[in-house]
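J.: Sending over a structure as structure tokens; questions will come in a sec.
A short reminder: the numbers here are calculations on the coordinates, not readings from a lab. Since the structure is predicted, the reported quantities are computational estimates derived from the model, not experimental observations.
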Amino acid sequence: MLSATRRRVLPASLLATGAIAAGVVGTTVPAQASVTTRAATASTTSVVTRSVASAAVAPTTVSPAVLVARKAAAARIAVARVAHIRFSAVSIARSKVGSRYSAGHAGPTRFDCSGLALYVVKRATGRTLPHYSRAQMAATKRVGKGQLRPGDLVFFFRHGAHHVGIYIGAGRMVSATNPSGGVHIDAVFSGWYGQRYSGAGRLV
């Protein structure tokens, strides 16, 4: 046990440390110990702050191989998305074969030609087209016969002013023809429509 004389000369910081360790006192410490603790805390905070700052400004290096792989993955996703939209457009159009023709209607059970195109495009792509074939032709990108893909729109008469259908491949389309025919599949490049074909439009 320390004598009274020795206890008197012990530094305050040491007494405070021992008291805290023994659970005798709480967080209140003598002034000298408090100063020492604040200095140590400030030093530690400074080191941590510098480390965080260094990490924040450190440049992130990505290898050329990783960049190429990322671009290739993004391209595959884009191609898959377009393929899915085209497949959906054809599926939706085919599902309406046999529906009634009704001027001014855009589904879900009755359609005119531009109403069917509007209905299919809206559900396959989320895009809303005007309800008029000539305006739909103006809203799409022109593609030639050799570049036609399922899901494209095909138009008839000058500037598509008379009729529009949804191309489903193999030279065929789904369209709402007239009150007697309703929605059915027709040839695009032969027969009555073949003589009046005026172009095709693409949305995706």
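J.: Under the rule of at least 5 residues apart or a separate chain, name every residue whose amide H is placed under 5 Å from the amide H of ASP152.
T.: Amide H neighbours of ASP152: TYR167.
J.: Each residue of segment 65-70 in order: what ³J(HN,Hα) in whole Hz does its phi give by Karplus 6.51 cos²θ - 1.76 cosθ + 1.60, θ = phi - 60°, with x for Gly and Pro?
T.: Those phi angles translate into 5, 5, 4, 4, 5, 5 Hz.
J.: Could I ask something else about it? How many Lys pairs in segment 65-202 lie less than 25 angstrom apart by Cα atoms, where the lysines are 8 or more positions apart or on different chains?
T.: 5
J.: Would you mind checking which residues have amide H under 5 Å from GLY199's amide H? H placed 1.01 Å from N; only 5 or more apart, or other chain.
T.: Amide H neighbours of GLY199: PHE155.
J.: Could you run the Karplus curve 6.51 cos²θ - 1.76 cosθ + 1.60 with θ = phi - 60° over segment 130-137 and give me ³J(HN,Hα) per residue in whole Hz, x for Gly and Pro?
T.: So the Karplus estimates, Gly and Pro as x, are x, 8, 6, 4, 5, 5, 5, 5 Hz.
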